[in-house]
Amino acid sequence: MFELELHGPDTYVGSGPRYPWGGLYGGQIVAQALRAAAATVDSELNVHSLRAYFIRRGDHSEPIRFEVDRIRNGRSFATRRVVARQAVGAILNLEASFQHPEESPDVQTVEIPDGLTSPDDLPGSSWTDAFERRFVPHDEIARAGRPGAGAMAAWMKVNGDLGGEQLLHRCWLAYLSDDLPSDTVGEVHPSGSPSGPNWGERIYGASLDHTIWFHRPIRADRWHLHELTCHNLAGGRGLVIGHVFGTDGVLAATIAQ
């Protein structure tokens, strides 16, 4: 999914399949851009955050060219900028920050909601065979008392064994993290829920910008809870904040879109 070919200094080329809705999937382009950025930093560094802007819709029939700019190499941190291009021009701009491992206190202040149904007891609803997705009932999430509205949560995991490379797991988290935010905004939109009838005929939505903070190591091939709420809807733009928890309640990442 994230294999890239080297095409000159700090330049990589990837591709993607046509997805059910047509065109490319934003989460895959983010993950591929992250992979390209990581190829230019020391292997000891781990990505701790990224921010991406979706600029144009991608074309699945064309390769994607990822151009990496080495913004900074420091003693503890490295910064990279990546522009993903196709014939039409830039389709995504991403910046990522990488950090050498550092010992520090470990404090988690956001907890996983209590009393959630196990993913093993929920029906699957994924649109691809690449990962499993099982939605948590709305009333279980409502009890968590999170700020915002339109609460939505799903257990998600990648199919198969991804091995021990942490970068690959974080690329897959980037892939998965683009799946639910738009639907979360839809849950608070006056025109009705995305699960209702004729949703696609009533409203059009597209991802604009996407941020991930990676807090702790993650195994994307094991169940994680992706829990999101919409914090605002105005000017034709919605803001979603989400948390990604392991089954042990450990907060792996925070997402904003």
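Key figures
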{"quantity": "Net charge over other residues, Cβ less than 15 angstrom from the Cβ of Leu167 (K, R count +1; D, E count -1)", "calculated": "0"}
{"quantity": "Mean projected area (nm²) of the alpha-carbon convex hull when the range 1-120 is viewed from all directions", "calculated": "10.7"}
{"quantity": "Extension gain, Gln166 back to Asn73 (0.36 nm per residue minus Cα-Cα distance, nm)", "calculated": "31.4 nm"}
{"quantity": "Given charges at beta-carbon only (K, R positive; D, E negative), |dipole| of the range 33-123 in Debye", "calculated": "880"}
{"quantity": "At R0 = 51 Å, FRET efficiency that the Cβ-Cβ distance of Ala90 and Asp121 yields, to 0.05", "calculated": "0.70"}
{"quantity": "Separation in nanometres of the label points that stand 7 Å from Cα toward Cβ, at Arg18 and Ser49", "calculated": "4.0"}
{"quantity": "Inter-label distance, nm, simple model (7 Å from Cα along the C-beta direction), Arg57/His138", "calculated": "2.8"}
{"quantity": "Among Ala90, Gly124, Ile112 - extreme Cα towards positive end, dipole of the range 81-128, charges at beta-carbon", "calculated": "Ala90"}
{"quantity": "Kirkwood-type radius of the range 104-257, with distances r between different C-alpha atoms, in Å", "calculated": "16.1"}
{"quantity": "Equivalent ellipsoid semi-axes, the chain, via Cα gyration tensor eigenvalues times 5, rooted, Å", "calculated": "29, 23, 17"}
{"quantity": "Å² of accessible area per residue within the range 12-102, as computed with a 1.4 Å probe and no ligands counted", "calculated": "47"}
{"quantity": "The chain - charge dipole about Cα centre, Lys and Arg +1 at Cβ, Asp and Glu -1, debye rounded to 20", "calculated": "800"}
{"quantity": "Cβ-based net charge around Val88, under 13 Å, with every Lys or Arg adding one and every Asp or Glu removing one", "calculated": "+2"}
{"quantity": "Using θ = phi - 60° and Karplus 6.51 cos²θ - 1.76 cosθ + 1.60, couplings along the range 117-123 (whole Hz; Gly, Pro as x)", "calculated": "5, 5, x, 5, 9, 10, x"}
{"quantity": "Amide H within-cut-off set for Val240, under 5 Å, with H built and near neighbours excluded", "calculated": "His231, Gln257"}
{"quantity": "Sulfur and carbon atoms: percent of accessible area, the chain [1.4 Å]", "calculated": "49"}
{"quantity": "222 nm mean residue ellipticity, helices alone, for the chain (DSSP H n ≥ 4; -39,500 (n - 2.57); rounded to 500)", "calculated": "-4500 deg cm²/dmol"}
{"quantity": "Charge sum, other residues only, whose C-beta stays under 11 Å from Ala252's C-beta, Lys/Arg counted +1 and Asp/Glu -1", "calculated": "+3"}
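The values are calculated or read from the model by the stated rules, or taken from the named source; none is laboratory data. No experiment lies behind these values; they were computed from the predicted model shown. All Cβ positions, even for glycine, are placed from backbone atoms using ideal geometry, and neighbour counts span all protein chains on display. Quick note on the areas: whole protein, heavy atoms, side chains included, nothing else; ligands and nucleic acids left out. Shrake-Rupley method; radii C 1.70, N 1.55, O 1.52, S 1.80 Å.
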